[in-house]
Each structure stands twice: as structure tokens, then as C-alpha cells.
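Presented below is the structure to which this report refers.
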Amino acid sequence: MDSETVSSPQKSGNIFVSILAVLAGFVFSAVTSVGTDLGLHKAGIAPALTEHWPDKLLAVATIYRTIYGVLSSWITARLAPKTPMGHALIGGAIGTVLGIAGVVVNIQKHMGANWYPIALVILTMPTAWLGGKLRLMQLGK
């Protein structure tokens, strides 16, 4: 990778636009993930969000959250003023930190299967990279 694709957004453009780009990715991911969870519950496929989900449903949730992660990183990269990959990876790094906090809370409060939040943390950076890479491919880079 060249320095253009991973340099800091602070050096490459308007910081306000950079923050909005990352925030837009997070909003997309949250709305689609929770929306799908609620849709599955309304359809009678999944229990309420506050109840324990069986492993099979958590596996499905891992798949759609991974897809949403790629799309949210693409959105971040698309909206970035410059360095789309850098913005996507910064979003991924923030998501990783938040995910680790989720793992800790899940373990401390015995909220359910530990593998699920751990899997989400493991997948965060690869999905961020893939979303950024898809945007770079669109730009011919």
C-alpha cells in the first residue's frame, strides 16, 4: 500500500468531513444491524434483543453484521475527503475498541455466548479493509 491510501485523514482533508464520514459508517452499521435484529424478532424468527439468542441465530447475525460492516466501511471511504482506505481503517479501529468493550461487558455480565462478540471483534478490521478496498477499486487504485 502506498502512503496515499493509509495516511491520516487529519493530514489529507477537512477534519470535520472526515469525522462525518466515519460517523456515517457507524450510523449505517447500527441502523441496519439493529433493524435486521428487530425485523427478525417481529417475524418471529428471533427472540427479543434482551433475550439470549441461540447459536444458529448468532451465526446468521455474524454474517449480516459482517456484510453491513463492509458496506459501512465502503460508505466511510466513499464520503472521505481523501485517503479512503485510511478513513475505513480508522473506522475499523474505533469499531474494534468498541467491540472489545462489548466482549468485556458480555463476559462480566454473562449475557450470552462469548464466541459471538469475539467473532465480531476479529472480523472488524478485515471488513473495514474490504470496504476500503472496494472503494479504491472503484477509483481505479
Q. In region 82-98, how many are within 22 Å of residue 59 (Cβ to Cβ) and touching a residue at least 60 places away in the same chain (Cβ under 8 Å)?
A. 1
(Q) Restricting to region 43-96, count the residues that are buried (at least 22 other Cβ atoms within 10 Å of the Cβ) and assigned to a loop (DSSP other than H, G, I, E, B). (A) 2
Q.
Against the conditions (1) within 21 Å of residue 14 (Cα to Cα); (2) modelled with pLDDT under 95; (3) part of a helix (DSSP H, G or I), where does residue 105 fall short? Just the number, please.
A. (1)
**Q.** Candidate set: region 107-140, residues that are within 18 Å of the chain's Cα centre (by Cα) and among the polar types (S, T, N, Q); chosen: the one farthest from residue 70 (Cα to Cα)
**A.** 124
Q: Considering only region 29-42, state which residues are of a type outside the set (Val, Ile, Thr) and either surrounded by 11 or more Cβ atoms within 10 Å (Cβ to Cβ) or part of a loop (DSSP other than H, G, I, E, B) (or both).
A: 29, 30, 33, 35, 37, 38, 39, 40, 41
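Would you call residue 78 within 22 Å of residue 25 (Cβ to Cβ) and either among the aromatic types (Phe, Trp, Tyr) or within 9 Å of the chain's Cα centre (by Cα) (or both)?
Values: within 22 Å of residue 25 (Cβ to Cβ): yes; either among the aromatic types (Phe, Trp, Tyr) or within 9 Å of the chain's Cα centre (by Cα) (or both): no.
So residue 78 does not fit the description; no.
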(Q) List the residue pairs whose Cβ atoms are under 8 Å apart, where the first residue sits in region 99-120 and is at negative phi and surrounded by 12 or more Cβ atoms within 10 Å (Cβ to Cβ), the second is of a type in the set (Gly, Ala, Ser) and not in a helix (DSSP H, G or I), and the two are 6 or more positions apart or on different chains. (A) 106/112
Q: Please find, within region 108-141, the residue that is nearest to residue 56 (Cα to Cα) out of those that are in contact with a helix residue (DSSP H, G or I) (Cβ under 9 Å, 6 or more places away or on another chain) and assigned to a loop (DSSP other than H, G, I, E, B).
A: 113
Q. Do we have any residue at all in region 60-76 that's touching a Pro at 6+ places or on another chain (Cβ under 6 Å) and either of a type in the set (Phe, Trp, Tyr) or in contact (Cβ under 8 Å) with a residue 24 or more places away in the chain (or both)?
A. no
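The values are calculated or read from the model by the stated rules, or taken from the named source; none is laboratory data. A quick note: this is a predicted structure, and the numbers were derived from the prediction, not measured. Cβ atoms come from the backbone with ideal geometry, glycine included; neighbour counts cover every protein chain shown.
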